[in-house]
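What follows is a set of notes on a single structure, which appears directly below.
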């Protein structure tokens, strides 16, 4: 059977790899260690290169041996997690190995890497590095497998980075998943204990990088100007340039409370720019938009200052308790002890001492009180009186002021300067500076050190774009007729079945809607979104509702608690119910607002402590969005709370400028392919867009900002939804344009599967085209569902609406039919989350339920079980076209044969010949359709089960024996002898181990003399699951 598709595809990948190897060698100046596929005992610590390097640094043999012992001991410790081992190795790399040459001698530091002189290190790469699993000899573990990373970067013989390459037609995500698989214990986890950067790349998508255990969605792309056109080469030249490669490892790695992280380019260049300011002793402001990693930028800059400025001390000032706690947590997560000053006087005392080097303090502690307001002039005077006469803060002080846009100006800045006249101030902000404050802030702190604005972060995929919608909740719903009209308008894009399912729940909701209460209407509006919006309905996304007061939040909660969101919503505010709330409130005239608030809050808490309750709710909201769907907040959680699954933010509170900017950034965090945007639903019409019909989101609520500073932050939801649907439709149309007339099911199957089912290579070669179809139709479905209920409002005519629905339906059918006809269905059923929900709700419920018959079995399996009746389970477009039915079955059988051929080449070669003959008969109409069906069913059963597909001697009672028998000229005695010998003499986990594989080859050689046949049978044996 021809192997052409496999070999040509592999060749493309090999060409990319050869070019990348040449790039490292010729442009980056790395040594090439060779192709290590056949090299024995490849390790992540190659002492043959590390020992000579350490000798050149002047260390004696005793110190080198002790240092290597400590490094190996840390790197090979399998009793701890990969994270813990990798962290221990990183500490040895970054801070050196502390050892004594002999007992009683002084401790010395052996530097495994020369961090001060990058050029003194030995940079090298090896390709096809075959690595054995650590558990190969451990019979108590599950079967372990070796792996072969494409390119490994060694510095002084220590493996610091790995690169997986993919051909341009394969998604880069496959390389990322390969890296993640390799880090599993059953594969080569032990090889990653020294790894600092983990990369995957292709010529079409460029490079993505992460560190150990980085989830796929958090892999990063580096963005930097360069004349190099190829995106993969460009990124490798930028990231793997020798000095930058080591700088990234030395200065931009952090182990943050159980998660290893590295920097994005905005953090790298922001810290670099700040380093220049520190050298010049010039303060300034770093503005990195919300969600782009500002806290870690602080961490990396503080560590750099400590290591490069004599007697450096860093004081971090925040103005909210949750930010103070968040920063303390980040620093403690990297083993840097940060001390929180308890008051202004405590801060003065600590600054008057030489320790600690790292301090944080709430801004209000400067004022002498915790509340927002304070007698600033009086406090300054108080501090001056309290200062010792000879007071001068010890050390060289650097003050980081977090969220510097808020309160750090004027008299308060004078207070800081009074205490720290020689300090250098750096302001950090995640929001733009207000026009009114910009001049003052820039005068206080100095110019912008580095900016990374919202539109840049969206463009880089660091945060999601935001879609804005103002809703007029006064919908004049005063009668049942009006209610029904509103229901019809809201559900016009749904199938009849989906509308009927909603209607069943409508009876109880009519009662709620008939009330004139505005809150009840908002509740119903949100409930309808939870029924209709994809991520909310599917349980993968959740929402936050911003209420104008704690009492109103309680009223909202009471209403939601009577609906299907009962037990799946909660209030998070600063309120803590206390019996003191009851004093003087009961007049006998009914419950006051305070009493109602106290009662509702206590009912929700169910006896739990408010702080404990809040922690539990936040954890569930982040980790289990389907179980905690809605948080009702007032002020809390609108800053410093990142919930990736939060997709919708409902605002029913007057907000503006910084508070509004930070609130809407709660929903712009990444969370999987199906979270494409963050949605802002505004019940207060904060931008007056309903009144003026002018979609200017730099006006009204953001009028305090310069327009350029908030450009691209919000875009009109309907306008962008229409744009997205039109683009998604155009993309699918363009892909399908080459399909030949009459563009029926058979034509689409021939285009995406095989024009001629007798062509053995076509099905595999068309795979990238099919994957593109699946991806584009998934995007189209999500785009359509996002706007289906509001297409007239988006400007579509009735005729356009009908045409678009028909087209979406058509392409969804095409996708389903191609997946079934190609045999891809089972492989890809997890490929597009919640697609079934979207199809059922917006396109067609009955037909997709038919498709779901194939969820747990392939078409081949169904034919084996049901014979020709399996055709009845095929989608209408296929089953009503005899040619389409035939090609669908033929493609599925062809795919099975291709996949199974290595297990028994002779047998499947026969099956392939039989299939070819049957195809010829069908095409020449030499056989009736019913007879063709009977024969193709019989052939399918033979292909699926080799034991029933041919007549074998009774001794050929296993698949392995039958494979040997078929491929050894049906020599029963020889097949039995080789099978018995292999079972008796093979060693555990022999695949991938050169020595053990040679032993199996020798076993075969004792029975066969023809070298070519030995190779053929060895490949056959290696493919058998039994051995």
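Here is how the numbers come out for the structure above:
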quantity	calculated
Unit Cα scatterers, Debye sum, segment 4-249: log10 I(q)/I(0) for q = 0.09, 0.15 Å⁻¹	-0.39, -1.08
Cα principal axis extents for segment 732-815, largest first, Å	50, 24, 17
Segment 196-320, Rg to Rh (Cα coordinates; Rh as Kirkwood inverse mean 1/r)	0.98
Segments 227-240, 452-465, 101-114 sorted - mean Cβ within 10 Å per residue, highest first	452-465, 227-240, 101-114
Volume in Å³ per residue [convex hull over Cα atoms, computed for segment 959-1023]	80
Order by protection proxy (mean Cβ within 10 Å, highest first), peptides 153-166, 783-796, 726-739, 346-359	153-166, 783-796, 346-359, 726-739
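A short reminder: the numbers here are calculations on the coordinates, not readings from a lab. Note that the structure is a prediction, hence the values are computed from the model and not measured. Reconstructed Cβ throughout: ideal geometry from the backbone, glycine too, with neighbour counts over all protein chains shown.
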